[in-house]
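Below is one structure; the comments refer to it alone.
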Amino acid sequence: MLSEEGSLRHSASAYDKCVAGIVSGGGDYRPAIILDNRISGSERVPVALMGKVACKVEATYGAVGVGDLLTTSDTPGHAMKANDSTRAFGAVIGKALRPLHEGRGLVPVLVCLQ
C-alpha cells in the first residue's frame, strides 16, 4: 500500500485503492529483477508490480477460484476475492492462479494492478 508519505506499508483494509503490488519472494517464487535497489537506512522489500508471485490470501469472505480477481482484505497483509465489482475498480491486485476453498494460504497470483 502507498502511504501518505509515499512509502510502502502492509494493507489493512478491504478494497484499498492505494494498493501498489505484492511483496515478492514468498513460496517457490523469487524476484527476477529488482529495480531501484539503492542503499537506505530502512528495511526494503521487493514489491512485484507484474509477473507471477505467491500472495497471502484468505477465503473468509468467499472461496477463491482460478482466475478470480483479488483485492486487499481487512486481514492485514492478505488478499481476498473481489466480490464487489463496484468497489474493485482501482483496488485489484491480480488474478488467482490456484484455488483456495477455505482458510488462509499462499496462492500464486498473476499481478495485474487495475
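Data overview
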| item | result |
| --- | --- |
| Residue in the range 24-32 that is hydroxyl-bearing (Ser, Thr, Tyr) and in a strand (DSSP E or B) present | no |
| Number of the exception - Pro76 against (1) under 15 Å from Ser24 (Cα atoms); (2) in contact (Cβ under 8 Å) with a residue 40 or more places away in the chain; (3) in a loop (DSSP other than H, G, I, E, B); (4) not β-branched (Val, Ile, Thr) | (1) |
| Within the range 75-92, tally of residues that are within 11 Å of the chain's Cα centre (by Cα) and of a type in the set (Gly, Ala, Ser) | 3 |
| Of the criteria (1) surrounded by 17 or more Cβ atoms within 10 Å (Cβ to Cβ); (2) within 21 Å of Leu2 (Cα to Cα); (3) aliphatic (A, V, I, L, M), which one Val107 fails | (2) |
| Residue satisfying all of: in the range 91-104; closer than 16 Å to Val53 by Cβ and among the charged types (D, E, K, R); surrounded by the most Cβ atoms within 10 Å (Cβ to Cβ) among these | Lys95 |
| Hey, Ala88 under 9 Å from Tyr15 (Cβ atoms) and either surrounded by 15 or more Cβ atoms within 10 Å (Cβ to Cβ) or of a type in the set (Gly, Ala, Ser) (or both) or not | yes |
| Checking Ile93 against (1) in a strand (DSSP E or B); (2) without any contact (Cβ under 8 Å) to a residue 60 or more places away in the chain; (3) under 22 Å from Glu4 (Cα atoms), the condition it does not meet | (2) |
| Condition met for Val57 (surrounded by 14 or more Cβ atoms within 10 Å (Cβ to Cβ), part of a strand (DSSP E or B) and touching a Leu at 6+ places or on another chain (Cβ under 6 Å)) | yes |
| Filter result for Gly77 (modelled with pLDDT of 95 or more and surrounded by fewer than 20 Cβ atoms within 10 Å (Cβ to Cβ)) | no |
| Single condition Lys52 does not satisfy, out of (1) surrounded by 13 or more Cβ atoms within 10 Å (Cβ to Cβ); (2) in a loop (DSSP other than H, G, I, E, B); (3) of a type in the set (D, E, K, R) | (2) |
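Residue-by-condition table, conditions (1) surrounded by fewer than 17 Cβ atoms within 10 Å (Cβ to Cβ); (2) in a loop (DSSP other than H, G, I, E, B); (3) modelled with pLDDT under 95:
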| site | (1), (2), (3) |
| --- | --- |
| Tyr15 | no, yes, no |
| Ala20 | yes, yes, yes |
| Ser40 | yes, yes, yes |
| Val45 | yes, yes, yes |
| Gly67 | yes, yes, no |
| Val111 | no, no, yes |
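The values are calculated or read from the model by the stated rules, or taken from the named source; none is laboratory data. None of these values were measured; they are calculated from a predicted model. A quick note on method: Cβ atoms are made from the backbone with ideal geometry, for glycine too, and the neighbour counts reach across all protein chains shown.
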